[in-house]
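Worksheet: one structure, shown below.
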Amino acid sequence: ISIHFLVALLLDLFYSNRMKTNLIFEGLKIWYDHKGYACVWMDNKSIKVHVLVWERVYGRKPPKHDIHHKDFDKSNYQLENLELLTWSDHRRVHAGWVKENNQWVKKPCTRCHQILPLDSFYPRRTANTPSALCKPCSNTASILKNRSPEYKDRRKRYNQKWYANKQHRGLNESS
């Protein structure tokens, strides 16, 4: 048996099992995409059922927005379970951020997994969001990084190169 035959067989099994459902949505057979979303075939394209349900009531989904399942159940595409979120808000919801009075107030630390107020995180220089690690975890990670032999060696090489460059440019040590 050739490798090509096995790959074709596995792909056939994957796609045929994925397509096997007895579910029907408005006369259209439902199948599931690779992320587990219920889909139907309409107008020569695949359409996610939850998006179709939401767009029938509210119109086209705006750019840079997602339709979110409030209960996190992809198979529940009832209108009451769907809400429109911006891409960034949708990512925050799935990352465990907490919203109160329409303001993001807490988020989980990616190291200790505690859900903490946003002022428990250092601000990022390049983004308008707090760092991934809370301040105590960030400090611990920084100390551990500074103690590592790889970091010390890299820092030593950088300093040697910087001071050599400084002398080459004719700058004295006091400047």
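The values are calculated or read from the model by the stated rules, or taken from the named source; none is laboratory data. As the structure is a prediction and not an experimental result, all values here were calculated from the model. Backbone-built Cβ (ideal geometry, glycine too); neighbour counts: all protein chains shown. These accessible areas exclude ligands, DNA and RNA; they are computed on the full protein's heavy atoms, side chains included. Shrake-Rupley method; radii C 1.70, N 1.55, O 1.52, S 1.80 Å.
Filter the range 48-79 for residues that are hydrophobic (A, V, I, L, M, F, W, C) and in contact with a strand residue (DSSP E or B) (Cβ under 6 Å, 6 or more places away or on another chain) and give the result.
VAL49, VAL51, TRP54, ILE67
Tell me which residues, restricted to the range 95-128, are farther than 22 Å from THR140 by Cβ, in a loop (DSSP other than H, G, I, E, B) and over 19 Å from the mean Cα position of the chain (by Cα).
Within the range 95-128, ASN101, ASN102 meet the criteria.
Any idea which of LYS74, LYS107 is within 30 Å of LYS135 (Cβ to Cβ) and charged (D, E, K, R)?
Result of the check over LYS74, LYS107: LYS107.
Being in a helix (DSSP H, G or I) and free of Cβ contacts under 8 Å to residues at least 60 places away in the same chain: is that true of TYR163 here?
Spelling it out, TYR163 is indeed in a helix (DSSP H, G or I) and free of Cβ contacts under 8 Å to residues at least 60 places away in the same chain.
For TYR58, only one of the following conditions fails: (1) out of contact with any helix residue (DSSP H, G or I) (no Cβ under 6 Å at 6 or more places or on another chain); (2) at pLDDT below 95. What is its number?
All conditions are met except number (2).
If you scan the range 57-88, which residues turn out to be without any contact (Cβ under 8 Å) to a residue 12 or more places away in the chain and closer than 16 Å to ILE30 by Cβ?
ASP73, ASN76
Quick one: in the range 38-61, which of the residues that are in contact with a Phe, Trp or Tyr (Cβ under 9 Å, 6 or more places away or on another chain) and open to solvent by 40 Å² or more (accessible area, probe 1.4 Å) is farthest from PHE72 (Cα to Cα)?
Residue satisfying both the conditions and the ranking: TRP41.
For the range 104-114, which positions are within 16 Å of ARG92 (Cα to Cα) and open to solvent by 40 Å² or more (accessible area, probe 1.4 Å)?
Scanning the range 104-114 gives TRP104, VAL105, LYS106, THR110, HIS113, GLN114.
Mind listing whichever residues of the range 115-164 are of a type in the set (Phe, Trp, Tyr) and under 17 Å from ARG92 (Cβ atoms)?
Result: PHE121, single match.
Residues in the range 77-88: is at least one open to solvent by less than 50 Å² (accessible area, probe 1.4 Å), in a strand (DSSP E or B), farther than 16 Å from HIS50 by Cα and not hydroxyl-bearing (Ser, Thr, Tyr)?
no
Please go through (1) surrounded by 11 or more Cβ atoms within 10 Å (Cβ to Cβ); (2) at pLDDT 85 or above; (3) in a loop (DSSP other than H, G, I, E, B) for LYS35 and return the number of the only condition it doesn't satisfy.
(1)
Name the residue that is modelled with the lowest pLDDT, counting only residues in the range 115-161 that are open to solvent by 100 Å² or more (accessible area, probe 1.4 Å) and touching a strand residue (DSSP E or B) at 6+ places or on another chain (Cβ under 9 Å).
Among those that are open to solvent by 100 Å² or more (accessible area, probe 1.4 Å) and touching a strand residue (DSSP E or B) at 6+ places or on another chain (Cβ under 9 Å), it is ARG124.
Is it the case that ILE143 is within 27 Å of ILE30 (Cα to Cα) and hydrophobic (A, V, I, L, M, F, W, C)?
Answer is no for this residue.
All but one of (1) over 15 Å from HIS94 (Cα atoms); (2) of a type outside the set (Val, Ile, Thr); (3) exposed (fewer than 15 other Cβ atoms within 10 Å of the Cβ) hold for HIS65; which doesn't?
(1)
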